Amino acid sequence: MRRARVALGAALLLAAALLCAGACDSTQPLRGGEQVLVMRVVGTAPVRLVDVWDWWIDENSDGQPDRLIGVRCMDVTGSPTPPTRTALVPWHYVAELALVAAGSTQESIIASTVDTQEEFFNRTPYDTAVLQTLPDFSDNTGFFRNGRRVTRGHRDYIEGCLELEPIPANLFGSPDGVQLGIEPGDTVIFRLRKQVRAASDFGGNTGNPPEPIFAQLPSLALEAFLGGAPVSPTAGEDSTDESDGSGFTFVFTLQ
């Protein structure tokens, strides 16, 4: 049976030899009729906004900031409810990628984290948008510089304010998603299931009084592109709903 050509990136950590043996050289020329399907997963949710400053102190008493010690974070408030924005958010998920080659009925697993020690190793990317720049200020605790308004899905909030150190964003070890060489008649199957809130790095509470980091659980979606153009599933779905632990199966057949 013809082997699929998969580019999983240099950071592939899960059973790399098994997943890539003879199949992962993205520099190989395309065969006749072959096209490259590019896939990545993103998570979105309505989230609160947060103001973040770099926190400096004056160690030598010369009146100037000289050591960065962290960040200062202030949730954006509002009446009657704090403002929110739908944005990218990080969330872990289990995934499996399979191929049914043209003329075959046999499903071949290309990559999977199902039933592995690091089942929920995959993670969606952070929000990267800076919504507003904020003025510097100082008080008796330090100097606050580089102020920016971001969402709770932003890396500055997750790793700075909450001091979480989650697994980097990736799909099967690659921060840029996966590329799969397919030919006419091939069927690609991608399965995904979200990690439940109770087990998630991002499922806890924050603030006083405590509230969930993300008030609403995210929806996760597969973004798939063929020749740079987005593709929709031939069968199944390409996104979850917001419910805890939900998933989807994406099926695409190249005509």
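Within the range 32-54, restricting attention to residues that are more than 16 Å from the chain's Cα centre (by Cα) and of a type in the set (A, V, I, L, M, F, W, C), which residue is farthest from F250 (Cα to Cα)?
For the range 32-54, the residue satisfying everything is W53.
Would you say V130 is of a type in the set (A, V, I, L, M), under 21 Å from V251 (Cβ atoms) and part of a loop (DSSP other than H, G, I, E, B)?
In short, no.
Working carefully through the options T141, T124, T128, T105, find the one that is in contact with a Leu (Cβ under 7 Å, 6 or more places away or on another chain) and of a type in the set (S, T, N, Q).
T124
Evaluate the range 183-198: report whether one residue or more is under 14 Å from the mean Cα position of the chain (by Cα) and closer than 15 Å to V89 by Cα.
yes
For the range 144-167, indicate whether the set of residues that are within 18 Å of A98 (Cβ to Cβ) and of a type in the set (A, V, I, L, M) is non-empty. Break it down stepwise before answering.
We begin by selecting, within the range 144-167, every residue within 18 Å of A98 (Cβ to Cβ); these are none.
Scanning the range 144-167 turns up no residue that is within 18 Å of A98 (Cβ to Cβ) and of a type in the set (A, V, I, L, M).
Which of the residues that make up the range 93-131 are of a type in the set (D, E, K, R) and modelled with pLDDT of 95 or more?
Of everything in the range 93-131, those that are of a type in the set (D, E, K, R) and modelled with pLDDT of 95 or more turn out to be E96, E107, R123, D127.
Output the residue which, of all residues in the range 192-206 that are surrounded by fewer than 18 Cβ atoms within 10 Å (Cβ to Cβ) and either polar (S, T, N, Q) or in contact with a Ser or Thr (Cβ under 9 Å, 6 or more places away or on another chain) (or both), is nearest to N122 (Cα to Cα).
N205
Looking only at the range 53-79, how many residues end up being small (G, A, S) and modelled with pLDDT of 95 or more?
1
Kindly indicate the residue of the range 103-120 that is under 19 Å from Q179 (Cβ atoms) and among the hydrophobic types (A, V, I, L, M, F, W, C) and also surrounded by the most Cβ atoms within 10 Å (Cβ to Cβ) among those meeting that condition.
Checked the range 103-120; the qualifying residue surrounded by the most Cβ atoms within 10 Å (Cβ to Cβ) is A111.
So which residues in the range 207-244 are of a type in the set (D, E) and surrounded by fewer than 19 Cβ atoms within 10 Å (Cβ to Cβ)?
E211, E223, E237, D241, E242, D244
For G103, are the conditions met, namely being over 18 Å from S239 (Cα atoms), assigned to a loop (DSSP other than H, G, I, E, B) and either in contact (Cβ under 8 Å) with a residue 40 or more places away in the chain or more than 20 Å from the chain's Cα centre (by Cα) (or both)?
When the stated conditions are applied, G103 passes them.
Take Q179 and decide whether it is at pLDDT 95 or above and surrounded by fewer than 16 Cβ atoms within 10 Å (Cβ to Cβ).
no
Among P90, P82, which is the only one that is under 16 Å from G153 (Cα atoms), at pLDDT below 95 and assigned to a loop (DSSP other than H, G, I, E, B)?
P82
Do we have G207 as more than 21 Å from P46 (Cα to Cα) and modelled with pLDDT under 95 here?
Against the criterion (more than 21 Å from P46 (Cα to Cα) and modelled with pLDDT under 95), G207 does not qualify.
Name every residue in the range 195-247 that is within 30 Å of Q35 (Cβ to Cβ) and acidic (D, E), in order of residue number.
Once the filter is applied, which keeps residues that are within 30 Å of Q35 (Cβ to Cβ) and acidic (D, E), the range 195-247 yields E223, E237, D238.
The values are calculated or read from the model by the stated rules, or taken from the named source; none is laboratory data. Treat the numbers as computed from the prediction; the structure is a model and nothing was measured. Quick reminder, even Gly has a Cβ in these numbers, built from the backbone with ideal geometry, and neighbours come from all protein chains shown.
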